Amino acid sequence: MKFSKTDTALVVIDPQNDALSETGHAWGLVGESVRANNTVENLTRLFTAAKDNGFGVFVSPHYMYPHDQRWRFSGMLEKVTLDQKVFFRTGALSLADFAGSGADWLDRFKAYIEDGKTVVVSPHKVWGPQTNDLVLQLRKCGVSKVILAGMLANLCVESHLRELVEQGFEVAVVKDATAGPRHPEIGDGYAAALVNYGFIAKAVLTTDAAVKAMR
């Protein structure tokens, strides 16, 4: 799979404190996988390569608001997200208490995301981009190929992969720029995701290979 800055963009999902920081809500489930994959370091390398080589960068964030806590049903991890106020903001039109919160960007990513060029799309509300404007923004910018990375491997990343493929994009997943939850009863979400990436994505890459391809 060949990439060009004229038709390819880096899409990063949930580069936020609650997913990637040791103080984040999800760390107990994902920390072991994040460390094993060097996820934070690899995401930094992808951001750097995309910016240095003129590739568009799109961020698909996860935000939850007080009105979302009135949802009447949810899946298991959805319920945890709502109950523990993961990715929580005080309101869609307010940044009160946002800085440094679980919904905020990891500090080391801020220079890339807040440079005035990165497109931060509206939030996805469960796992996939069906509830935000990621596809619209990509189409409007002439993007047909996506380099996909971020969190969490078997949930938001896999859901974005599936929807983008259904929408006609060519998608390469960067397998070591993501990580997944490890649960003593449910299992290893990262291992499960890798199997599906192989079946669904146009390519499954390492960060080394993705960075090389963007040069």
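Can you pull a Stokes-Einstein diffusion coefficient for segment 118-174 at 25 °C (0.890 mPa s), Rh from Kirkwood over Cα pairs, as a whole number of µm²/s?
216
Over what distance in Å are the Cα centres of segment 92-143 and segment 19-72 separated?
11
For the chain, which whole percent of the accessible surface, found with a 1.4 angstrom probe, sits on carbon and sulfur atoms?
Working: 5150 of 10020 Å².
In the chain, the share of accessible area belonging to carbon and sulfur is 51 percent.
Less than 25 Å apart at the alpha-carbon level, and either on another chain or at least 8 residues along: which lysines does that give for residue 79?
Here the lysines satisfying the reach criterion relative to residue 79 are 125.
Where does the charge balance sit around residue 57 when Lys and Arg score +1, Asp and Glu -1, over other residues with C-beta under 12 Å from its C-beta? Could the numbers behind the result be given before it?
Details: positive: 5, 51, 117; negative: 52, 114, 115.
Surrounding charge for residue 57 is 0.
If the only charges are +1 at each Lys and Arg Cβ and -1 at each Asp and Glu Cβ, what is the size of the charge dipole of segment 14-153 around the Cα centre, to the nearest 20 debye?
460
Sort largest first and round to whole Å: the equivalent ellipsoid semi-axes of segment 101-215, each the square root of five times a Cα gyration tensor eigenvalue.
Equivalent-ellipsoid dimensions as semi-axes: 21, 18, 16 Å.
Rounded, prolate or oblate: which one fits segment 35-162, using the alpha carbon gyration tensor with axes a ≥ b ≥ c (rounded when a/c is under 1.5, else prolate when a/b beats b/c, else oblate)?
On the way: a/c = 1.56, a/b = 1.46, b/c = 1.07.
Prolate, since a/c reaches 1.5 and a/b exceeds b/c.
How far, in nm, would the chain grow between residue 94 and residue 139 when pulled straight, counting 0.36 nm per residue and subtracting the alpha carbon separation?
Details: separation 45, 0.36 × 45 = 16.20 nm, distance 2.82 nm.
Length gained between residue 94 and residue 139: 13.4 nm.
Each label point is 7 Å from the Cα along the Cα-to-Cβ direction; what then is the distance between the points at residue 208 and residue 74, in nm?
Rounded to a tenth, the inter-label distance reads 4.0 nm.
Are any of the pairs 51/85; 2/140; 85/117 more than 24 Å apart by Cα-Cα distance, and if so, which? Write down the numbers at each step before the final one.
On the way: 51/85 32 Å; 2/140 21 Å; 85/117 29 Å.
Long pairs (Cα-Cα over 24 Å): 51/85; 85/117.
Tilt of helix 39-52 relative to the longest C-alpha principal axis of the chain, in degrees (0 to 90, nearest 10)?
In the chain, helix 39-52 runs at an angle near 50 degrees to the longest axis.
With every protein chain kept in place and ligands, DNA and RNA left out, what is the accessible area per residue of the chain? Probe 1.4 Å, answer in Å². Don't jump to the answer; show the numbers that get you there.
Working: 10020 Å² over 215 residues.
I get 47 Å² per residue for this part.
Any chance you could give the angle, 0 to 90 degrees and rounded to 10, that helix 189-200 forms with the longest Cα principal axis of the chain?
40
Could you give me the ³J(HN,Hα) list for segment 128-133, computed from phi with Karplus coefficients 6.51, -1.76, 1.60 and θ = phi - 60°, whole Hz, x at Gly and Pro?
My calculation for segment 128-133 gives x, x, 4, 9, 10, 9 Hz in order.
Run the quick spin-label model on residue 122 and residue 199: label points 7 Å from Cα toward the beta carbon, then report their separation in nm to one decimal.
3.2
Report the GluC sites (Glu not before Pro) located in segment 107-191 that are in a DSSP loop and have at most 15 other Cβ atoms inside 10 Å of their Cβ, or state none. Don't skip to the end; give the middle numbers.
Working: sites: 114, 158, 163, 166, 170, 185; in loops: 114, 185.
Hits after loop and neighbour filter: 114, 185.
Just the Kirkwood number for the chain, please: inverse of mean 1/r across all distinct Cα pairs, in Å, one decimal.
Numbers: mean 1/r = 0.0586 Å⁻¹.
The Cα-based Kirkwood calculation yields 17.1 Å.
Looking at the P(r) of segment 16-88, how many percent of alpha-carbon pairs lie beyond 20 Å? Each step should come with its number before you reach the end.
Working: 1191 of 2628 pairs.
Across segment 16-88, Cα pairs with separations above 20 Å total 45 percent.
Between 119, 12, 171, where does the largest GNM mean-square fluctuation fall for the chain, given springs only between Cα atoms within less than 10 Å?
119
Stretch residue 5-residue 36 to full length: gain in nm at 0.36 nm per residue minus the Cα-Cα span? Intermediate results must be reported in sequence, preceding the final value.
Values: separation 31, 0.36 × 31 = 11.16 nm, distance 3.03 nm.
So the extension gain works out to 8.1 nm.
The values are calculated or read from the model by the stated rules, or taken from the named source; none is laboratory data. Everything quoted here is computed from the prediction, not taken from an experiment. Reconstructed Cβ throughout: ideal geometry from the backbone, glycine too, with neighbour counts over all protein chains shown. Side chains are part of the model used for accessible areas, which takes the heavy atoms of the whole protein and leaves out ligands, DNA and RNA. Shrake-Rupley method; radii C 1.70, N 1.55, O 1.52, S 1.80 Å.
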